[in-house]
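K.L.:
Okay, handing you the structure first.
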Amino acid sequence: QVQLVESGGGLVQAGGSLRLSCAASGRTVSTSTMGWFRQGPGKEREFVAAIRWLGMTHYVDSVKGRFTISRNNAENTVYLQMNSLKPEDTAVYYCAMGISSTSNAAAAGSYNTWGQGTQVTVSS
C-alpha cells in the first residue's frame, strides 16, 4: 500500500519560510513523478511544483523563484522549500505521487496517490 505523509505546515508571517516534507512508503519517489498541489479557502486545487524521476522540475508561475522542490532518495522523501511567503500562499498543501512517464506533471489527473494535506497559513 502506497502512503504519503506530509508535515511541516504552520503559521508564518509574510516574508517568512517553511519547508514541507512528504514521506513516502510502498513506492520509491526516485522512480515517480512527485508533485505538490494546494487548495486555498474557496479556491480550486492548483498545481504548485513537481519533480520528475530524472530530476526535471516544474513550477507554477506564482511561486517561481520562491519555492524549490527537491527529494532525498535515501529517505524516500520529497520537500517543498517555501521562501518569501505571501498571504496568498495560504492553503492546504498536498503531496502527490504519479507514474514516472506522465506527460503533464501539472495535471492532478496524472497522480494516483495523495497525502492528507498540511495547512500553511501566512499572516500579513
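The values are calculated or read from the model by the stated rules, or taken from the named source; none is laboratory data. Predicted, not measured: the structure shown is a model, and the values here were computed from it. When we count neighbours, we look across all protein chains shown, and the Cβ atoms used for this are built from the backbone with ideal geometry, even at glycine. What goes into the accessible areas is simple: the full protein's heavy atoms, side chains included, and nothing from ligands, DNA or RNA. Shrake-Rupley method; radii C 1.70, N 1.55, O 1.52, S 1.80 Å.
K.L.:
Once the piece of chain linking Asn72 and Ile99 is laid out straight, how much longer is it, given 0.36 nm per residue of separation minus the C-alpha distance between them?
P.N.:
Net length gain for the segment: 7.9 nm.
K.L.:
Here's something else I'd like to know. So, for region 24-124, what is the accessible surface per residue at a probe of 1.4 Å, expressed in square angstrom?
P.N.:
For region 24-124, the solvent-accessible area averages 47 Å² per residue.
K.L.:
OK, next. Charges only on Cβ, +1 for Lys and Arg, -1 for Asp and Glu: so what's the dipole of the chain about the Cα centre, in debye to the nearest 20?
P.N.:
The dipole of the chain has a size of about 140 debye.
K.L.:
What is the packing order of peptides 86-95, 19-28, taking the mean over residues of other C-beta atoms within 10 Å and listing the highest first?
P.N.:
Going from most to least packed, we get 86-95, 19-28.
K.L.:
Here's something else I'd like to know. Answer with one residue from Met34, Gly16, Thr118: the one whose Cα lies farthest towards the positive end of the charge dipole of the chain, charges on Cβ with Lys, Arg +1 and Asp, Glu -1.
P.N.:
Selected residue: Met34.
K.L.:
Go through region 3-11 residue by residue and turn each phi into a ³J(HN,Hα) via Karplus (6.51, -1.76, 1.60, θ = phi - 60°); whole Hz please, and just put x for glycine and proline.
P.N.:
9, 10, 10, 8, 7, x, x, x, 9
K.L.:
Once phi is turned into ³J(HN,Hα) by the Karplus curve 6.51 cos²θ - 1.76 cosθ + 1.60 with θ = phi - 60°, what whole-Hz value does each residue of region 98-106 show in order, with x for glycine and proline?
P.N.:
Ordered by residue, 3J(HN,Hα) equals x, 6, 5, 9, 4, 8, 10, 6, 8 Hz.
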